[in-house]
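Structure record follows, encoded as C-alpha coordinates.
The values are calculated or read from the model by the stated rules, or taken from the named source; none is laboratory data. In this text, all values refer to a predicted model and were calculated from it rather than measured experimentally. Methodologically, a virtual Cβ is constructed for each residue, glycine included, from the backbone with ideal geometry; neighbour enumeration extends over all protein chains shown.
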Amino acid sequence: MADRVNRGTADRLRTHRWVLSLVLFVALWQLATSVLSIPAYLVPSPAATVRAILGDLSFLGPHLGMTILETASGFGLAVALGLFLGTVMNASVLAKDLLYPPLVLSQAVPLIAIAPLVLIWFGFGILSKILIVAFVCVFPIAVNTYEGFRTVEPAYRELLETFGASTRDRYRHLYIPATLPGIVAGAKIAATYSVLGAVIGEWLGGSKGMGVYMTRALSSVRVDRMFGAILIVMLLSYAIFKSVDGLGRALTPWMKRGKA
(Lines give C-alpha, C1' and ligand atoms only; values in the text may rest on other atoms or scores of the structure.)
Protein backbone atom coordinates (compact mmCIF):
# COMPACT_ATOMS: atom_id res chain seq x y z
CA MET A 1 0.00 0.00 0.00
CA ALA A 2 2.81 2.38 0.94
CA ASP A 3 4.63 1.62 -2.31
CA ARG A 4 1.49 2.41 -4.28
CA VAL A 5 1.10 5.75 -2.47
CA ASN A 6 4.77 6.58 -3.09
CA ARG A 7 4.43 5.78 -6.80
CA GLY A 8 1.35 8.00 -7.02
CA THR A 9 3.17 10.85 -5.29
CA ALA A 10 6.17 10.44 -7.62
CA ASP A 11 3.89 10.54 -10.69
CA ARG A 12 2.26 13.76 -9.45
CA LEU A 13 5.65 15.34 -8.81
CA ARG A 14 6.76 14.44 -12.36
CA THR A 15 3.62 16.06 -13.73
CA HIS A 16 4.24 19.17 -11.64
CA ARG A 17 7.79 19.40 -12.99
CA TRP A 18 6.48 19.38 -16.55
CA VAL A 19 3.99 22.15 -15.69
CA LEU A 20 6.66 24.16 -13.82
CA SER A 21 9.01 23.88 -16.80
CA LEU A 22 6.30 25.19 -19.14
CA VAL A 23 5.41 28.06 -16.79
CA LEU A 24 9.08 29.02 -16.47
CA PHE A 25 9.49 29.03 -20.26
CA VAL A 26 6.45 31.29 -20.72
CA ALA A 27 7.63 33.61 -17.95
CA LEU A 28 11.07 33.97 -19.53
CA TRP A 29 9.48 34.57 -22.92
CA GLN A 30 7.23 37.32 -21.49
CA LEU A 31 10.16 38.86 -19.58
CA ALA A 32 12.40 38.91 -22.66
CA THR A 33 9.80 40.63 -24.85
CA SER A 34 9.10 43.22 -22.13
CA VAL A 35 12.62 44.00 -20.91
CA LEU A 36 14.27 43.96 -24.34
CA SER A 37 11.32 45.81 -25.93
CA ILE A 38 11.20 43.37 -28.84
CA PRO A 39 8.70 44.57 -31.47
CA ALA A 40 5.55 42.47 -31.69
CA TYR A 41 6.00 42.05 -35.43
CA LEU A 42 9.25 40.17 -34.71
CA VAL A 43 8.49 38.21 -31.54
CA PRO A 44 5.04 38.66 -29.98
CA SER A 45 4.66 38.22 -26.25
CA PRO A 46 2.84 35.18 -24.81
CA ALA A 47 -0.12 37.42 -24.03
CA ALA A 48 -0.31 38.64 -27.63
CA THR A 49 0.04 35.07 -28.88
CA VAL A 50 -2.82 33.87 -26.67
CA ARG A 51 -4.97 36.81 -27.81
CA ALA A 52 -4.30 35.84 -31.44
CA ILE A 53 -5.35 32.24 -30.72
CA LEU A 54 -8.54 33.29 -28.93
CA GLY A 55 -9.38 35.83 -31.61
CA ASP A 56 -9.08 33.18 -34.32
CA LEU A 57 -10.58 30.31 -32.32
CA SER A 58 -13.62 29.70 -34.53
CA PHE A 59 -11.42 29.80 -37.63
CA LEU A 60 -8.73 27.63 -36.05
CA GLY A 61 -11.12 24.84 -35.05
CA PRO A 62 -11.58 23.21 -38.49
CA HIS A 63 -7.86 23.50 -39.25
CA LEU A 64 -6.88 21.89 -35.95
CA GLY A 65 -9.50 19.17 -36.37
CA MET A 66 -8.14 18.25 -39.79
CA THR A 67 -4.55 18.08 -38.51
CA ILE A 68 -5.63 15.88 -35.59
CA LEU A 69 -7.49 13.54 -37.96
CA GLU A 70 -4.53 13.27 -40.33
CA THR A 71 -2.06 12.77 -37.49
CA ALA A 72 -4.13 10.12 -35.70
CA SER A 73 -4.84 8.21 -38.92
CA GLY A 74 -1.24 8.33 -40.13
CA PHE A 75 0.12 7.40 -36.71
CA GLY A 76 -2.29 4.47 -36.46
CA LEU A 77 -1.26 3.26 -39.91
CA ALA A 78 2.42 3.57 -38.95
CA VAL A 79 1.89 1.54 -35.78
CA ALA A 80 0.13 -1.25 -37.69
CA LEU A 81 2.72 -1.27 -40.48
CA GLY A 82 5.65 -0.99 -38.06
CA LEU A 83 4.43 -3.92 -35.96
CA PHE A 84 3.94 -6.00 -39.10
CA LEU A 85 7.38 -5.21 -40.51
CA GLY A 86 9.12 -5.79 -37.19
CA THR A 87 7.39 -9.14 -36.73
CA VAL A 88 8.15 -10.26 -40.28
CA MET A 89 11.81 -9.30 -39.96
CA ASN A 90 12.03 -11.28 -36.74
CA ALA A 91 10.35 -14.32 -38.28
CA SER A 92 12.56 -14.51 -41.38
CA VAL A 93 16.22 -13.69 -41.88
CA LEU A 94 15.53 -13.23 -45.61
CA ALA A 95 12.76 -10.73 -44.85
CA LYS A 96 15.08 -8.88 -42.48
CA ASP A 97 17.83 -8.68 -45.13
CA LEU A 98 15.32 -7.40 -47.70
CA LEU A 99 13.40 -4.93 -45.51
CA TYR A 100 15.90 -3.49 -43.05
CA PRO A 101 18.16 -1.65 -45.56
CA PRO A 102 15.24 0.15 -47.30
CA LEU A 103 13.88 1.18 -43.91
CA VAL A 104 17.23 2.69 -42.96
CA LEU A 105 17.68 4.35 -46.36
CA SER A 106 14.19 5.87 -46.15
CA GLN A 107 15.43 8.00 -43.24
CA ALA A 108 18.10 9.52 -45.48
CA VAL A 109 15.43 11.02 -47.77
CA PRO A 110 14.53 14.57 -46.65
CA LEU A 111 10.84 14.85 -45.81
CA ILE A 112 10.66 18.12 -47.72
CA ALA A 113 11.69 16.14 -50.83
CA ILE A 114 9.42 13.11 -50.46
CA ALA A 115 6.30 15.05 -49.39
CA PRO A 116 5.77 16.83 -52.74
CA LEU A 117 6.07 13.49 -54.55
CA VAL A 118 3.42 11.95 -52.30
CA LEU A 119 1.15 14.92 -53.04
CA ILE A 120 1.71 14.46 -56.78
CA TRP A 121 1.03 10.70 -56.62
CA PHE A 122 -1.99 10.75 -54.28
CA GLY A 123 -3.42 14.24 -54.68
CA PHE A 124 -3.86 17.09 -52.23
CA GLY A 125 -6.53 15.40 -50.11
CA ILE A 126 -6.32 13.79 -46.70
CA LEU A 127 -4.88 10.50 -47.99
CA SER A 128 -1.56 12.06 -48.97
CA LYS A 129 -1.19 13.68 -45.53
CA ILE A 130 -1.91 10.36 -43.81
CA LEU A 131 0.74 8.64 -45.93
CA ILE A 132 3.30 11.35 -45.17
CA VAL A 133 2.69 10.94 -41.43
CA ALA A 134 2.99 7.16 -41.77
CA PHE A 135 6.25 7.54 -43.71
CA VAL A 136 7.70 9.70 -40.94
CA CYS A 137 6.57 7.43 -38.10
CA VAL A 138 7.00 3.86 -39.35
CA PHE A 139 10.79 3.57 -39.03
CA PRO A 140 11.21 3.91 -35.24
CA ILE A 141 8.26 1.61 -34.59
CA ALA A 142 9.44 -1.12 -36.98
CA VAL A 143 13.05 -1.03 -35.81
CA ASN A 144 12.17 -0.96 -32.10
CA THR A 145 9.73 -3.83 -32.61
CA TYR A 146 12.41 -5.91 -34.31
CA GLU A 147 15.03 -5.03 -31.69
CA GLY A 148 12.51 -5.87 -28.98
CA PHE A 149 12.14 -9.39 -30.36
CA ARG A 150 15.91 -9.75 -30.27
CA THR A 151 15.96 -9.03 -26.52
CA VAL A 152 14.01 -12.21 -25.78
CA GLU A 153 16.15 -14.58 -23.74
CA PRO A 154 16.86 -17.77 -25.75
CA ALA A 155 16.62 -19.80 -22.53
CA TYR A 156 13.02 -18.72 -22.01
CA ARG A 157 12.14 -19.58 -25.58
CA GLU A 158 13.74 -23.00 -25.25
CA LEU A 159 11.90 -23.55 -21.97
CA LEU A 160 8.53 -22.85 -23.57
CA GLU A 161 9.38 -25.11 -26.49
CA THR A 162 10.33 -27.86 -24.04
CA PHE A 163 6.90 -27.63 -22.44
CA GLY A 164 5.29 -27.87 -25.88
CA ALA A 165 4.02 -24.29 -26.05
CA SER A 166 2.38 -23.38 -29.32
CA THR A 167 3.45 -20.40 -31.42
CA ARG A 168 0.47 -18.47 -30.09
CA ASP A 169 1.43 -19.25 -26.50
CA ARG A 170 5.04 -18.20 -27.11
CA TYR A 171 3.93 -14.86 -28.49
CA ARG A 172 1.38 -14.33 -25.73
CA HIS A 173 3.59 -15.24 -22.76
CA LEU A 174 7.06 -14.33 -23.99
CA TYR A 175 7.47 -12.40 -27.22
CA ILE A 176 4.78 -9.74 -26.72
CA PRO A 177 5.66 -8.89 -23.08
CA ALA A 178 9.37 -8.76 -23.96
CA THR A 179 8.79 -6.60 -27.03
CA LEU A 180 6.21 -4.15 -25.63
CA PRO A 181 8.74 -1.79 -23.97
CA GLY A 182 10.60 -1.45 -27.29
CA ILE A 183 7.36 -0.89 -29.20
CA VAL A 184 6.30 1.81 -26.74
CA ALA A 185 9.70 3.50 -27.01
CA GLY A 186 9.47 3.53 -30.81
CA ALA A 187 5.89 4.82 -30.70
CA LYS A 188 6.93 7.66 -28.38
CA ILE A 189 9.66 8.70 -30.80
CA ALA A 190 7.22 8.49 -33.71
CA ALA A 191 4.61 10.50 -31.81
CA THR A 192 6.92 13.50 -31.64
CA TYR A 193 7.26 13.47 -35.46
CA SER A 194 3.66 12.70 -36.36
CA VAL A 195 2.25 16.23 -36.19
CA LEU A 196 5.30 17.56 -38.04
CA GLY A 197 4.57 15.21 -40.95
CA ALA A 198 0.95 16.33 -41.18
CA VAL A 199 1.83 20.03 -40.99
CA ILE A 200 4.51 19.77 -43.69
CA GLY A 201 2.07 17.96 -45.98
CA GLU A 202 -0.54 20.67 -45.40
CA TRP A 203 2.06 23.40 -45.89
CA LEU A 204 2.99 22.08 -49.32
CA GLY A 205 -0.56 21.62 -50.52
CA GLY A 206 -4.04 21.48 -49.04
CA SER A 207 -7.13 23.48 -48.18
CA LYS A 208 -7.40 22.82 -44.45
CA GLY A 209 -5.06 22.10 -41.55
CA MET A 210 -2.58 23.87 -39.30
CA GLY A 211 -0.02 23.94 -42.12
CA VAL A 212 -2.49 25.81 -44.32
CA TYR A 213 -3.27 28.18 -41.45
CA MET A 214 0.45 28.85 -41.03
CA THR A 215 0.95 29.69 -44.71
CA ARG A 216 -1.96 32.14 -44.60
CA ALA A 217 -0.65 33.76 -41.41
CA LEU A 218 2.80 34.05 -43.01
CA SER A 219 1.47 35.54 -46.25
CA SER A 220 -0.46 38.18 -44.29
CA VAL A 221 2.59 38.89 -42.07
CA ARG A 222 0.65 38.03 -38.91
CA VAL A 223 3.53 36.88 -36.72
CA ASP A 224 1.26 36.60 -33.66
CA ARG A 225 -0.94 34.09 -35.50
CA MET A 226 2.16 32.23 -36.68
CA PHE A 227 3.42 31.95 -33.11
CA GLY A 228 -0.04 30.87 -32.01
CA ALA A 229 -0.09 28.10 -34.62
CA ILE A 230 3.40 26.96 -33.59
CA LEU A 231 2.31 26.87 -29.94
CA ILE A 232 -0.77 24.79 -30.80
CA VAL A 233 1.31 22.34 -32.85
CA MET A 234 3.78 21.99 -29.97
CA LEU A 235 1.00 21.34 -27.46
CA LEU A 236 -0.63 18.83 -29.81
CA SER A 237 2.65 16.95 -30.22
CA TYR A 238 3.13 16.94 -26.46
CA ALA A 239 -0.42 15.65 -25.92
CA ILE A 240 0.12 12.78 -28.35
CA PHE A 241 3.47 11.93 -26.75
CA LYS A 242 1.95 11.87 -23.26
CA SER A 243 -0.98 9.78 -24.49
CA VAL A 244 1.39 7.18 -25.93
CA ASP A 245 3.48 7.31 -22.75
CA GLY A 246 0.40 6.78 -20.58
CA LEU A 247 -0.78 3.88 -22.73
CA GLY A 248 2.71 2.39 -22.55
CA ARG A 249 2.67 2.59 -18.76
CA ALA A 250 -0.70 0.85 -18.67
CA LEU A 251 0.49 -1.92 -21.00
CA THR A 252 3.82 -2.50 -19.20
CA PRO A 253 3.06 -2.24 -15.48
CA TRP A 254 5.96 -4.57 -14.70
CA MET A 255 8.54 -2.06 -15.95
CA LYS A 256 10.38 -0.19 -13.22
CA ARG A 257 10.07 3.55 -13.58
CA GLY A 258 12.96 5.83 -12.90
CA LYS A 259 12.87 8.80 -10.57
CA ALA A 260 13.13 11.35 -13.38
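Summary of computed values
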{"quantity": "Residue that is nearest to the chain's Cα centre (by Cα) [pool: residues in region 60-71 that are surrounded by fewer than 22 Cβ atoms within 10 Å (Cβ to Cβ) and touching a residue at least 40 places away in the same chain (Cβ under 8 Å)]", "calculated": "68"}
{"quantity": "Residue selected from region 56-89 under the condition hydroxyl-bearing (Ser, Thr, Tyr) and at pLDDT 90 or above, by the criterion farthest from residue 212 (Cα to Cα)", "calculated": "73"}
{"quantity": "Test: residue in region 122-129 that is farther than 30 Å from residue 237 by Cα and modelled with pLDDT of 90 or more", "calculated": "no"}
{"quantity": "Residue in region 84-139 that is farthest from residue 207 (Cα to Cα), counting only those that are of a type in the set (Gly, Ala, Ser) and crowded, with 16+ Cβ neighbours inside 10 Å", "calculated": "86"}
{"quantity": "Among (1) in contact with a Ser or Thr (Cβ under 7 Å, 6 or more places away or on another chain); (2) at pLDDT below 90; (3) of a type in the set (A, V, I, L, M, F, W, C), the one test that residue 214 misses", "calculated": "(1)"}
{"quantity": "Where a residue in region 235-248 is buried (at least 17 other Cβ atoms within 10 Å of the Cβ) and its partner, wherever it lies, is outside any helix (DSSP H, G or I), with Cβ under 9 Å and at least six apart", "calculated": "248/255"}
{"quantity": "Any pair with Cβ under 7 angstrom, 6 or more apart, that starts in region 128-141 at a residue that is not basic (Lys, Arg) and ends at one that is not in a helix (DSSP H, G or I)", "calculated": "139/107"}
{"quantity": "Those residues of region 27-52 which are under 21 Å from residue 217 (Cα atoms) and assigned to a loop (DSSP other than H, G, I, E, B), in sequence order", "calculated": "38, 39, 40, 41, 42, 43, 44, 45"}
{"quantity": "Count - residues of region 172-205 that are surrounded by fewer than 21 Cβ atoms within 10 Å (Cβ to Cβ) and polar (S, T, N, Q)", "calculated": "1"}
{"quantity": "Residue 67 vs. criteria in a helix (DSSP H, G or I), under 26 Å from residue 205 (Cβ atoms) and either polar (S, T, N, Q) or not assigned by TED's automatic domain parsing to the domain that holds residue 216 (or both)", "calculated": "yes"}
